[in-house]
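Asks: To start, I am sharing the structure in question, which I have written as structure tokens.
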Amino acid sequence: MNSENRFQPVARKVTLGMAAIALVGSVLVLPACSAQGGANASEGADSDVLATIGSKDVTRSEIAEEAKEGLHQAEMQKLQCESNYKRSVHEVMESTLKKVVQDRLIEEEAEGRGISRDELIQAEVDGKLGEVTDEEVSAFYEERKAQIRQPMENVEAQIRQHLAGQGRAAAYSAFIEGLETKQSVAYKLGPYRIDVESSGAAKGPASAPVTIVEFSDFQCPYCSRVVPTLKQVEEKYGDNVRVVFRHFPLNFHKEAQKASEASLCADEQGKFWEMHDLLFEEQRALQVADLKDKAKRLELDSEKFEKCLDSNKYYAQVQEDIQAGVLAGVSGTPAMFINGRFLSGAQPFEEISKVIDDELKSAGAV
């Protein structure tokens, strides 16, 4: 999914060239959020005394205090699980509803024409597709060359296959939309939305019809790949989109928390986004000395910045962002909420744009 998970010590590796041109696919797994009914409780689970050393007791409260960090992590996992379960249930219902409606529309149309379903799809979709041209392949590559990071000849076949798939998907979607209009289809079950507060550094007007809240980690390589993608969003949509940055430093990225604090210290001097860009550009240099050097290069007031950073002034604020992300079901970075609609991982521009266009259409802004 091109993201790193907060509660897993090892991030999955994804080839960047593949990630930039492959269609996103995933396997839905609904995790168990609570103990199964009928399961036996562990021995001594309800006891206040968990062990004895001779005549001395080791109490539950003592162990709870010692295990505070681990228990906090367990609580975070529980909250994430519950949020993700609710979202997954809705998404399963939503996708199944659309499939059932579309299947029935196709069957009725095919029956009305006196042909088979396959013949209908061939006539209205596959039979109308053209070949992907060399110019289209070249244009796709040039637009994403910085993200793909491979020679054209290495990825040409994959790009061509991807564009062909995109073309067919667009043709199929247009065909279905035509049938939906013809049969006056009205979906009553909309996309699942999570109420995420859009607090934090932002680009774009507060009145924008679309707000993207991004939870990110300055040490996460996948997060750095989203930076140019969101710049594409800004260029295409302008004041129609507001982008809000929230912090979600992963617990195995030891320098990410302090990097987040550095960005907020820079924000005090009006240079959050300048620091944001520099941190992502130089992800291998995020130690405290590096952060202070970046502040100097950005021509910040060094004394004020260093006092802010050394005092841990924004530690709690970053932790509050993490808590907000967890409650929304975030477990890895990057994670985005587009008007509350969740997108996980370093999604390509096309996927983000698809959701934005849908939201603008719903808001009557296009």
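Nothing in this text is a laboratory measurement; each read-out follows from the coordinates by a stated rule. Because the structure is a prediction, the values reported are computed rather than measured. Virtual Cβ from ideal backbone geometry, glycine too; neighbours counted across all protein chains shown.
Asks: Which one of Tyr141, Val185, Ala164 is farthest out on the positive end of the charge dipole of the range 95-192, using unit charges on Cβ (Lys, Arg +1; Asp, Glu -1) and the Cα centre as origin?
Replies: With unit charges placed on the Cβ atoms, the residue in question is Val185.
Asks: Expressed as an acute angle from 0 to 90° and rounded to the nearest 10, what is the orientation of the C-alpha long axis of helix 272-281 relative to the principal long axis of the chain?
Replies: In the chain, helix 272-281 runs at an angle near 80 degrees to the longest axis.
Asks: Report, in debye and to the nearest 20, how large the dipole of the range 250-366 comes out about its Cα centre when Lys and Arg carry +1 and Asp and Glu carry -1 on their Cβ. All intermediate terms of the calculation are to be shown ahead of the outcome.
Replies: Values: 14 positive and 22 negative charges, 42 e Å.
Charge dipole, the range 250-366, about its Cα centre: 200 debye, nearest 20.
Asks: Give me the percent relative contact order of the chain, please, defined on Cα pairs under 8 angstrom at least 6 residues apart. The partial results should precede the final answer.
Replies: On the way: 422 pairs, mean separation 88.0, N = 366.
Reported as a whole number, the value is 24 percent.
Asks: Could you tell me which of Ala262, Gln319, Leu300 has its Cα farthest along the dipole of the range 260-366 towards the positive end, charges placed at Cβ (Lys, Arg +1; Asp, Glu -1), taken about the Cα centre?
Replies: Positive-end residue among those listed: Gln319.
Asks: What whole-number distance in Å separates the alpha-carbon centres of the range 244-292 and the range 315-352?
Replies: Using only Cα atoms, the two centres lie 17 Å from each other.
Asks: Remind me, relative contact order of the range 193-362 in percent, using alpha carbon pairs under 8 angstrom and six or more residues apart?
Replies: Details: 255 pairs, mean separation 57.3, N = 170.
Relative contact order of the range 193-362: 34 percent.
Asks: In addition: Taking the beta-carbon count within 10 Å as an exposure proxy, list Met152, Met275 from fewest neighbours to most.
Replies: Working: Met152 13, Met275 25.
Ranked by crowding around the Cβ, least crowded first: Met152, Met275.
Asks: In addition: Using the Cα gyration tensor of the range 185-246, with a ≥ b ≥ c the square roots of its eigenvalues, what is the shape: rounded (a/c below 1.5), prolate (a/b larger than b/c) or oblate (neither)? Please report the intermediate quantities before stating the final value.
Replies: Numbers: a/c = 1.73, a/b = 1.49, b/c = 1.16.
It is prolate, given that a/c is not under 1.5 and a/b is the larger ratio.
Asks: Convert each backbone phi in the range 106-114 into a coupling constant with the Karplus relation 6.51 cos²θ - 1.76 cosθ + 1.60 (shift: θ = phi - 60°), then list the ³J(HN,Hα) values in order as whole Hz, x for Gly and Pro.
Replies: 5, 4, 5, 5, 5, 5, x, 8, x
Asks: Moving on. Work out the length of the dipole vector of the range 95-192 about its Cα centre, built from +1 on the beta-carbon of each Lys and Arg and -1 on the beta-carbon of each Asp and Glu, and round it to the nearest 20 debye.
Replies: Numbers: 13 positive and 19 negative charges, 105 e Å.
The calculation lands at about 500 debye.
Asks: Can I ask one more? Run the quick spin-label model on Val92 and Val185: label points 7 Å from Cα toward the beta carbon, then report their separation in nm to one decimal.
Replies: Rounded to a tenth, the inter-label distance reads 2.2 nm.
Asks: Need one number: % antiparallel among DSSP beta bridges in the chain, to the nearest 5.
Replies: Values: 17 of 24 bridges.
Beta bridges within the chain, antiparallel portion: roughly 70 percent.
Asks: Among the GluC sites (Glu not before Pro) in the range 146-200, which ones are in a DSSP loop with at most 14 other Cβ atoms within 10 Å of the Cβ? Mind listing them? Could you put the intermediate results ahead of the total?
Replies: Numbers: sites: Glu153, Glu156, Glu177, Glu180, Glu197; in loops: Glu197.
For GluC sites (Glu not before Pro) across the range 146-200 that sit outside H, G, I, E and B with at most 14 neighbouring Cβ atoms in 10 Å, the list reads Glu197.
Asks: Can you tell me the 0 to 90 degree angle between the C-alpha axis of helix 152-182 and the longest principal axis of the chain, rounded to 10?
Replies: Taking the Cα atoms of the chain, the angle to 152-182 is about 70 degrees.
Asks: Taking a ≥ b ≥ c as the square roots of the eigenvalues of the Cα gyration tensor of the range 193-362, is the shape rounded (a/c under 1.5), prolate (a/b larger than b/c) or oblate?
Replies: Values: a/c = 1.87, a/b = 1.65, b/c = 1.14.
It is prolate, given that a/c is not under 1.5 and a/b is the larger ratio.
Asks: Which order do His247, His276 fall in if you start with the one that has the fewest other Cβ atoms within 10 Å? Could the numbers behind the result be given before it?
Replies: Working: His247 28, His276 20.
Neighbour counts put them in this order, fewest first: His276, His247.
Asks: At 7 Å along Cα-to-Cβ for each site, give me the label-to-label distance between Glu268 and Ala289 in nm.
Replies: Placing both labels 7 Å beyond Cα along the Cβ direction yields 2.3 nm.
Asks: Let me know the charge dipole size of the chain about its Cα centre in debye, to the nearest 20, where only the beta-carbon of Lys, Arg (+1) and Asp, Glu (-1) is charged.
Replies: Working: 43 positive and 61 negative charges, 29 e Å.
Dipole size: approximately 140 debye.
Asks: Provide the per-residue ³J(HN,Hα) series for the range 309-321, in order, calculated from phi with Karplus coefficients 6.51, -1.76, 1.60 and θ = phi - 60°, each as a whole number of Hz, with x at glycine and proline positions.
Replies: 5, 5, 8, 6, 3, 10, 4, 5, 5, 5, 5, 5, 5
Asks: Under the Karplus relation 6.51 cos²θ - 1.76 cosθ + 1.60, θ = phi - 60°, what is the ordered set of whole-Hz ³J(HN,Hα) values for the range 223-235, x standing for Gly and Pro?
Replies: 5, 5, 6, 7, 4, x, 5, 5, 5, 4, 4, 4, 5
Asks: What residue among Ala110, Ala164, Ala335 has the largest mean-square fluctuation in a Gaussian network model of the chain, using Cα springs under 10 Å?
Replies: Ala110
Asks: Running a GNM on the chain with Cα contacts under 10 Å, which residue among Gln158, Gln317, Gln183 ends up with the highest mean-square fluctuation?
Replies: Among Gln158, Gln317, Gln183, the largest mean-square fluctuation in the Gaussian network model of the chain belongs to Gln183.
Asks: Choose one answer from Ala262, Ala206, Ala186: the residue with the largest mean-square fluctuation in a GNM of the chain with alpha-carbon springs under 10 Å.
Replies: Comparing Ala262, Ala206, Ala186 in the GNM, the peak value goes to Ala186.
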